[in-house]
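The values are calculated or read from the model by the stated rules, or taken from the named source; none is laboratory data. The structure presented is a predicted model; accordingly, all values stated were derived computationally and were not measured. In this analysis, Cβ positions are derived from the backbone assuming ideal geometry, glycine residues included, and neighbour counts consider all displayed protein chains. Ligands, DNA and RNA are excluded from the accessible area calculation, which covers all protein heavy atoms including side chains. Shrake-Rupley method; radii C 1.70, N 1.55, O 1.52, S 1.80 Å.
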Amino acid sequence: MRLEEIYSTYDKIVQSGYLPYIRCRKCMNTFFYVRNLCPKCGSRDLEVLRSGGIGKVFSWTKIFRKNDTSIYGIVELEEGFKIYCNFASDVEIGDKVRVKIKSSEDGKYKVLADKL
Ligand SMILES: [Zn+2]
């Protein structure tokens with residue numbers, strides 16, 4: 001797949017309210033960040049799929065600013081890939097969460113995770 005195709009498929013999946021990811025057809029490795037070759041085996045035989053959005057907390061950290069505190073971390077999705085998220089509340093490693101994704105006007109994605 002070409003990068004432009006991957007980006008446009010990601011956008012369609014995000015617009016329909018789902019979390020996209022990429023799966024390598026050769027080694028079945030899954031990953032979130034948009035690339036046109038598999039980071040594990042180098043294959044370009046990739047497909048873009050829709051995640052169910054369910055995963056567990058892999059790591060987290062609190063970021064203290066003047067007026068608020070944010071919790072960020074990494075979630076490992078059931079499909080096997082990891083994603084960097086903003087957590088809605090305090091979490092512990094291993095907590096089951098649902099991940100939602102929103103696109104903003106500058107073309108970036110915002111990833112939010114809520115405890116289940
Ligand atoms: Zn691969």
Flagged in the range 22-60 as more than 21 Å from residue 116 (Cα to Cα) and of a type in the set (Phe, Trp, Tyr), in numbering order, are 31, 32, 33
Of the residues in the range 2-35, those that are open to solvent by 40 Å² or more (accessible area, probe 1.4 Å), within 13 Å of the ligand (Cβ to nearest atom) and either touching a His at 6+ places or on another chain (Cβ under 8 Å) or assigned to a loop (DSSP other than H, G, I, E, B) (or both) come to 25, 26, 27, 28, 35
With respect to residue 77, determine if the residue is at pLDDT 95 or above and within 16 Å of the ligand (Cβ to nearest atom). no
For the range 40-56: of the residues being touching a Leu at 6+ places or on another chain (Cβ under 9 Å), within 11 Å of the ligand (Cβ to nearest atom) and assigned to a loop (DSSP other than H, G, I, E, B), which is farthest from residue 10 (Cα to Cα)? 43
For residue 110, only one of the following conditions fails: (1) in a loop (DSSP other than H, G, I, E, B); (2) on the phi < 0 side of the Ramachandran plot; (3) at pLDDT below 95. What is its number? (1)
Considering only the range 49-65, I want to know if a residue exists there that is within 24 Å of residue 1 (Cα to Cα), of a type in the set (D, E, K, R) and modelled with pLDDT of 95 or more. yes
